[in-house]
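Worksheet for the structure shown next.
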Amino acid sequence: MVEQTFGPYLTKERKRAGYTLRRLAHEAGSSSSTLSRWENDHFVPARDDAVKLDKALKLRGALFRKWEKLTSESTLLPWMQNAGNLEEAASLIEYVSPVLVPGLLQSPSYAEIVFREGQPLSQAAEIRRLVSVRCGRYEHLRTRNDPRVSAVFPVSALLCVPQSVRIEQVDHLLSMDRVSLHLVPEGSALIGITSPMLLVRLLEGGKAASADHLTGNVVYGETDGFDRLTELVKRALAMALPTPQSRKVLEELR
């Protein structure tokens, strides 16, 4: 594992230099707790942090080259290779959904409609379980890492369900005062976005994204397709209404 991950290599070089965690953290402009997470491979340091570590240890680029080599395929550790884990490691989450309300923001009745689609009646108990898990997800993240959340989705996502479900979903959205909502008005389309996607800014630095495909959810680090997804999110935000206007539209849908 020493040659396959950055953490053990960093630990080895720190000890070789005779530095304590506290001293290296001070020299590199970080904290002892963050440095410990890097050394234990809980997170990968961002590029700027790798440069600072290299300079603090006086390795003349050797540590940075090791970081660059080991993160050339992806800056994400194996445990981060799914969207759920990314959410739990994020300080900011941006959702874009071309058809439905993003799963994290769905109310129970709305989520039930989504899960029930195409499923036999015999799956009722499993659907109830999935609804419970999905609708408890937001509060779970609030108590775990409390990320800021932004969501872009079309107004039509609220018009395609029965009135009672729509009212429940609208009330649910309006109760989320820490979420930045951006509705895409009727008559507009999220061109180029064919499936739900999310971008995250990680608590320990760095960014990542994920998108749903026919073969499943795919996670992207900053080096492997991230720029394309970032551009799509920017376009979606440009087409959507600002949060105050979006909330006004929601109030009118009650």
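Considering 92, 158, 86, the condition of being assigned to a helix (DSSP H, G or I), in contact with a strand residue (DSSP E or B) (Cβ under 8 Å, 6 or more places away or on another chain) and open to solvent by less than 50 Å² (accessible area, probe 1.4 Å) is satisfied by 86 alone.
For residue 216, only one of the following conditions fails: (1) farther than 17 Å from residue 113 by Cα; (2) modelled with pLDDT of 90 or more. What is its number? It fails just one condition, (2).
Taking every residue in region 4-29 that is open to solvent by 40 Å² or more (accessible area, probe 1.4 Å) and pairing it with any residue that is of a type in the set (Lys, Arg), at least 6 positions away or on another chain, the pairs with Cβ-Cβ distances below 6 Å are 29/52. Residue check: is residue 183 out of contact with any strand residue (DSSP E or B) (no Cβ under 6 Å at 6 or more places or on another chain), touching a residue at least 60 places away in the same chain (Cβ under 8 Å) and in a strand (DSSP E or B)? Yes: the conditions hold for residue 183. Suppose the filter is surrounded by fewer than 17 Cβ atoms within 10 Å (Cβ to Cβ), within 16 Å of the chain's Cα centre (by Cα), under 19 Å from residue 83 (Cβ atoms) and among the polar types (S, T, N, Q); does residue 195 pass it? So residue 195 fits the description; yes.
Residues are listed down the side, and each one gets a yes or a no for (1) touching a residue at least 60 places away in the same chain (Cβ under 8 Å); (2) surrounded by fewer than 17 Cβ atoms within 10 Å (Cβ to Cβ); (3) basic (Lys, Arg):
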site: 96; (1), (2), (3): yes, no, no
site: 103; (1), (2), (3): yes, no, no
site: 109; (1), (2), (3): yes, no, no
site: 121; (1), (2), (3): no, yes, no
site: 126; (1), (2), (3): no, yes, no
site: 131; (1), (2), (3): no, no, no
site: 144; (1), (2), (3): no, yes, yes
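Only one of the numbered conditions (1) open to solvent by less than 40 Å² (accessible area, probe 1.4 Å); (2) of a type in the set (Gly, Ala, Ser); (3) modelled with pLDDT under 90 is violated by residue 56, and that is (3).
The values are calculated or read from the model by the stated rules, or taken from the named source; none is laboratory data. These numbers come from a predicted model, not from an experiment. Heads up, the Cβs are rebuilt from the backbone with ideal geometry, glycines too, and the neighbour counts pull from every protein chain shown. Side chains are part of the model used for accessible areas, which takes the heavy atoms of the whole protein and leaves out ligands, DNA and RNA. Shrake-Rupley method; radii C 1.70, N 1.55, O 1.52, S 1.80 Å.
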